[in-house]
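The values are calculated or read from the model by the stated rules, or taken from the named source; none is laboratory data. Bear in mind that the values here come from a model prediction, so they are computed numbers and not experimental data. Please note: Cβ atoms are built from the backbone with ideal geometry, for glycine as well, and neighbour counts cover all protein chains shown.
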Amino acid sequence: MPDFSIQFLLMLGYAVMLAAVAFLLELTARHAHRRSLNISTAGFTYHPDRDIWRCPEEQHLFPVFSDWSKKTVVYRAPASTCNACKKKAACTDSNNGREIERKTSSGLEYGMQRFHRAMSVTLLALASLILVVELFRANGIYPRLVLAGVLTVFCIAVLRMAKALLHGTDGYEAASSSESPFS
């Protein structure tokens, strides 16, 4: 029977808890980002086939500016239409028409997204460091195999997330939004 010491179990448990916190931070950050994007365009409908937005008053916002280096497109309604609208005060305070800025990629362009990703990477790196230290301290083949397996999973997640952070992408463009960031 494998001999798992209490120190081994505590270190492994602590590393797994750090990874769980990193995972929850990643999920929470995604949810908050998605929610903030939905709030800024509440009531507006995007029509990708025509590349326009439609406001709740059935007016259209057309693309007026594209910055491909930042991967953004700015859409604007005609100023005359917005200024004559009865709901203008609830929609915009601009006299130039309502604007919507849309990111053309799902990357980590926003500061808070990058911050949360960096925090997740840091927590996973710390958990990996704890496992490396425990790998050298552990006695017996079974504790070392368990640590090596968990460490491998953590390292893959750290490398994937760090690569995405450095390249400014979220690393999951082809994945569904419900997929785990650690898969």
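General observations
- Residues of region 1-60 satisfying the condition of being loosely packed, with under 14 Cβ neighbours inside 10 Å and among the charged types (D, E, K, R): 3, 34, 35, 49, 50, 51, 58
- All conditions in (1) at pLDDT 90 or above; (2) surrounded by fewer than 15 Cβ atoms within 10 Å (Cβ to Cβ); (3) of a type in the set (Val, Ile, Thr) hold for residue 121, with the sole exception of (2).
- Counting only residues that are surrounded by 15 or more Cβ atoms within 10 Å (Cβ to Cβ), more than 33 Å from the chain's Cα centre (by Cα) and of a type in the set (A, V, I, L, M, F, W, C), region 71-81 holds 0 of them.
- Helices (runs of 4 or more DSSP H) fully within region 68-137 counting 1 or more residues that are of a type in the set (Val, Ile, Thr) and touching a residue at least 12 places away in the same chain (Cβ under 8 Å): 79-84, 111-137
- For first residues located in region 148-163 and closer than 13 Å to residue 15 by Cα, partners that are surrounded by fewer than 17 Cβ atoms within 10 Å (Cβ to Cβ) and among the β-branched types (Val, Ile, Thr) and lie 6+ apart or on another chain with Cβ distances below 8 Å form the pairs 150/16; 151/132.
- With respect to the conditions (1) in contact with a strand residue (DSSP E or B) (Cβ under 8 Å, 6 or more places away or on another chain); (2) surrounded by fewer than 12 Cβ atoms within 10 Å (Cβ to Cβ); (3) among the hydrophobic types (A, V, I, L, M, F, W, C), residue 64 falls short on a single one, namely (2).
- Boolean, residue 10 is hydrophobic (A, V, I, L, M, F, W, C) and part of a helix (DSSP H, G or I): yes
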